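The values are calculated or read from the model by the stated rules, or taken from the named source; none is laboratory data. None of these values were measured; they are calculated from a predicted model. Please note: Cβ atoms are built from the backbone with ideal geometry, for glycine as well, and neighbour counts cover all protein chains shown. Surface accessibility is based on the protein's heavy atoms, side chains included, excluding ligands, DNA and RNA. Shrake-Rupley method; radii C 1.70, N 1.55, O 1.52, S 1.80 Å.
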Amino acid sequence: MIALELKSISKHFGGVTALENVSFKLEQGKTLGLIGGNGSGKTTLLNVITKMISPNSGEVHFKGKRVDNLPAYKIARLGIGRIFQIGGIFNNMTLLENLFVATNSGNEEEAERILNEVGLVQKKNEKAATLSGGQQRLLEFGRVMIRNDELILLDEPFAGVSEGNCKKIEEVIGKLQKEGKTIILIEHDSKRIKRICNQLIELDEGKLAKKTNID
Amino acid sequence: MIEAYLLHLLILICIYAILSMSLTLLTGYTGMLNLGHAAFFAIGAYASVLLVMAGFPFWLGFLAAGGVAALFGVLLSIPSLRLRGDFLAIATLAFGEIIRSIMLNWTELTRGPLGIPGIPKPELFGIVFDSMLTYFVLTIVVVLATYVVLKYLLDGKFGIALKAIRENELIAESLGKDVKMLKMQAFAISALFAGFAGSLFAHYITFIDPSSFTLSETVLVLLMVVLGGLGSLVGSIAGAIILILLPEPLRFIGLPSSMVGQLRQIIYAGLLIVLIIKRPKGLFGEQWFGGIVSDSS
């Protein structure tokens, strides 16, 4: 089954072309690596999928349903989760509260179980601002896990993260893959990307330059 | 005599505690700086007084005070949804001034600067709240009800969603929060309780005119919220108690009354300076006030 399909997406910022006629399909349960130089449109692509920006033309389909005409919060409710490049957590809220924003249940046991899985349970009542960069990413992973998102967009989750936390993040991604989640990963380390991903797409100045399958 | 004076202070504390709790929902929790809060207070006061003086019972006037204020809260939220930080503050400031101008100039309805005198004391279930003590009981009941309702709302997922909006709207939206709807609800609930406070104020003082609802009134309530700490209901109540009681000793040191008013402003200003240096998060607060004004995210 196709989880995500992009149909000739284009986005311009003034005279700058961020994305031009990008189309691809992503099967459910696969992990797609998104590579390309700075300014090649990787983050813009994720922004288009989550409707944080609207494309100038093209369509986004999630599980066969067109979603680019929906507001961002409704797209999120369909089960599309995201981990941000910077500043993705609520600094002045506790770890538990950070998870409660993501779920409507307010179930503390469930939240603690998730925090345990990402290795942060002992800090559950501390402000998220006290976490290190890598721990903040792990908290974001906790949020997509508690939401049970089906499509998870990861914007350089390993950037600026210590080796130990990188291992932990890779472990968490592995767990999500086993659960059958569909993942898009932006990453620069080619070894790591080959280890994690099934497919690769290279963007070059907003155009889809290359598509590869990794076995 | 001294008893009446103390009860007067307690009643004022109650009315301002409702106001400051209602403002902290919007400013402390949701991070929206509202410089027009006195307008909701005023709308509640006028709505209640006009209805009661037209012959309707007090309970209807009281409920209408909240309802009409909440309606204006929703109206103000619509243009405000696209604004953040200082831009939002300017829009709400303008709203407060517009409401004050309407009160001054729509003389057929409000008698303009002459004000409305002879407002009757409230009557509920056959009890007339015309003594200081009974009025205090009435206001403290409303304070407790306000606290319980707001505490319930803000400790639950609604409160957590509002805090998430304060921290970062975009992230909150990416987690499925309908940010516009939540902001609108925050405005409505905040205005609702400010409207109730307006009704209690008008029927206590028994005279209202537009000069009771100026920007300095909003600033006083905002000071209570900041002093108590953003995002804390208990803090808001503590802020109201401190700022109502603080200037009172000035009455007893024999200064001319023209100086007392000025000194009061100096005390407020001095307190704010000490607060920012010594305890920027307020007495019970979670976040520095500057964070919501300069936040560009």
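Within the stretch B:47-91, the set of residues being closer than 19 Å to residue B:189 by Cβ and in contact with a His (Cβ under 8 Å, 6 or more places away or on another chain) comprises B:48 only. Of the helices (runs of 4 or more DSSP H) lying entirely inside the stretch A:99-215, the ones with 3 or more residues being over 24 Å from residue A:23 (Cβ atoms), free of Cβ contacts under 8 Å to residues at least 12 places away in the same chain and not hydrophobic (A, V, I, L, M, F, W, C) are found at A:108-117, A:163-178.
State whether one or more residues within the stretch B:37-49 are surrounded by fewer than 21 Cβ atoms within 10 Å (Cβ to Cβ) and not polar (S, T, N, Q). Within the stretch B:37-49 (the criterion being surrounded by fewer than 21 Cβ atoms within 10 Å (Cβ to Cβ) and not polar (S, T, N, Q)), the answer is no, since none of the residues qualifies. Considering each of A:49, A:35 in turn, give the residue that is more than 9 Å from every other protein chain (Cβ to nearest Cβ), open to solvent by 40 Å² or more (accessible area, probe 1.4 Å) and under 21 Å from residue A:203 (Cα atoms). When all the criteria are applied, what remains is A:35. Of the residues making up the stretch A:81-97, just one is of a type in the set (Phe, Trp, Tyr) and closer than 23 Å to residue A:62 by Cα, namely A:84. Criterion applied to B:128, B:179 was being farther than 30 Å from residue A:89 by Cβ and aliphatic (A, V, I, L, M), and the one residue passing it is B:128. Specify the residue that is nearest to the other protein chains (Cβ to nearest Cβ); the eligible residues are those in the stretch A:60-79 that are more than 15 Å from the chain's Cα centre (by Cα) and within 14 Å of residue A:3 (Cα to Cα). Here the answer is A:67.
Please list, ordered by first then second residue, the pairs with beta carbon atoms under 9 Å, 6 or more apart or interchain, first in the stretch B:192-213 and open to solvent by less than 30 Å² (accessible area, probe 1.4 Å), second assigned to a strand (DSSP E or B). Matching pairs, first to second residue: B:198/B:208; B:201/B:208; B:202/B:116; B:202/B:208; B:208/B:116; B:209/B:116. Scanning the stretch A:96-119 for residues that are open to solvent by less than 30 Å² (accessible area, probe 1.4 Å) and within 24 Å of residue A:184 (Cα to Cα) yields A:98, A:99, A:101, A:102, A:103, A:114, A:115, A:118. Of all residues in the stretch B:170-182, none that is within 16 Å of residue A:47 (Cβ to Cβ) and more than 7 Å from every other protein chain (Cβ to nearest Cβ) has its Cβ atom under 6 Å from the Cβ atom of a residue that is of a type in the set (D, E, K, R) and surrounded by fewer than 24 Cβ atoms within 10 Å (Cβ to Cβ), 6 or more apart or on another chain.
Within the stretch B:78-99, the set of residues being modelled with pLDDT of 90 or more and crowded, with 21+ Cβ neighbours inside 10 Å comprises B:92, B:95, B:96, B:99.
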